[in-house]
1. Determine if segment 188-211 includes at least one residue that is modelled with pLDDT under 90, within 21 Å of Leu89 (Cβ to Cβ) and surrounded by 16 or more Cβ atoms within 10 Å (Cβ to Cβ).
2. Identify the residue in segment 115-143 that is out of contact with any Phe, Trp or Tyr (no Cβ under 6 Å at 6 or more places or on another chain) and β-branched (Val, Ile, Thr) and, among all such residues, is farthest from Asn87 (Cα to Cα).
3. Have a look at Glu3, Glu52, Glu70, Glu12 and point out the one that is acidic (Asp, Glu), at pLDDT 80 or above and either out of contact with any Lys or Arg (no Cβ under 9 Å at 6 or more places or on another chain) or within 30 Å of Thr176 (Cβ to Cβ) (or both).
4. Which condition does Gly109 not pass, out of (1) in contact with an Asp or Glu (Cβ under 8 Å, 6 or more places away or on another chain); (2) crowded, with 18+ Cβ neighbours inside 10 Å, if it passes all the others?
5. For segment 133-148, check the following and say yes or no: at least one residue is among the charged types (D, E, K, R) and surrounded by 16 or more Cβ atoms within 10 Å (Cβ to Cβ).
6. For segment 111-134, which positions are more than 26 Å from the chain's Cα centre (by Cα), assigned to a strand (DSSP E or B) and in contact (Cβ under 8 Å) with a residue 40 or more places away in the chain?
7. Could you go through segment 135-143 and let me know if any residue there is assigned to a helix (DSSP H, G or I), in contact (Cβ under 8 Å) with a residue 24 or more places away in the chain and hydrophobic (A, V, I, L, M, F, W, C).
8. Anything in segment 166-180 that is of a type outside the set (Gly, Ala, Ser) and either free of Cβ contacts under 8 Å to residues at least 60 places away in the same chain or not in a strand (DSSP E or B) (or both)? List them, or say none.
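The values are calculated or read from the model by the stated rules, or taken from the named source; none is laboratory data. All of these numbers come straight from a predicted model, not from anything done at the bench. Glycine gets a Cβ as well: all are built from the backbone with ideal geometry, and neighbour counts include every protein chain shown.
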Amino acid sequence: MTEPVSKVDRSEMWKALKWIVILIVLLIVAFCGYKIWNVVTAPARVVGTATESMKSSASAVFNRLDIPIESQRRFDKSANAAFEHLNELPETDPDGVKDRGFRMANLRGAQSRVCELSYDFGNGPVPVFLAADNSAYEGAKAVGSKADRLIRLVIVSPEQTLGLNVEYSEGDKNWTLGWRPSSVKKAYPDTWAEKPTTDILRRTPKACSAQ
């Protein structure tokens, strides 16, 4: 005959069953909580992913602005001479409201020392404007430093306006060339920019001597 289950055994069975039920309930609650957390935090995760993607894209654009220089010594020599001349140019008032706006948008820090010359890129001469960022250089110049040297170069053609920065790198001890952010969407490759920019810089002291 089967022995009857004692009260103690039944009590232990109910305890074990109770803990199993509690565990199942906890698992259900945890699962539901996870689903709710997914729903609630989904927008934040999407925004975070989009932000990281934007940062990555911005970094890619920034790196894309740099233009490799093949003839570094020639470029450095031309940029040094051009900057010294542009920094010492006499001040000239803008020719009306349009010219004032152009200088503010493209030649910041020039302190009204702006050089205009023309250059033939292959389809006839077009205006080219250059100016040193004299405002940024003032502090370095006061202590005899060559830091903070920047030349803004703007090419104005009938089709578009292209901006380039010629900037001295303290770390590399040479001049660098890069597209302005406004000129990222351009029809010209990086290899196109070095030669005409070097020629323009080389001509600057003589072309701007009468200004």
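1. yes
2. Val126
3. Glu70
4. Going through the list (1) in contact with an Asp or Glu (Cβ under 8 Å, 6 or more places away or on another chain); (2) crowded, with 18+ Cβ neighbours inside 10 Å, Gly109 breaks only (2).
5. Restricting attention to segment 133-148, the residues satisfying the condition of being among the charged types (D, E, K, R) are 133, 138, 141, 146, 148.
Filter once more, so that each one left must be surrounded by 16 or more Cβ atoms within 10 Å (Cβ to Cβ): 133, 148.
The answer is yes, given that some residue of segment 133-148 is among the charged types (D, E, K, R) and surrounded by 16 or more Cβ atoms within 10 Å (Cβ to Cβ).
6. Hits for segment 111-134 are Cys115, Glu116, Leu117, Tyr119.
7. Yes, some residue in segment 135-143 is assigned to a helix (DSSP H, G or I), in contact (Cβ under 8 Å) with a residue 24 or more places away in the chain and hydrophobic (A, V, I, L, M, F, W, C).
8. Here is the first cut: in segment 166-180, the residues of a type outside the set (Gly, Ala, Ser) are 166-168, 170, 172-177, 179-180.
Glu167, Glu170, Asp172, Lys173, Arg180 - these are the residues of segment 166-180 that are of a type outside the set (Gly, Ala, Ser) and either free of Cβ contacts under 8 Å to residues at least 60 places away in the same chain or not in a strand (DSSP E or B) (or both).
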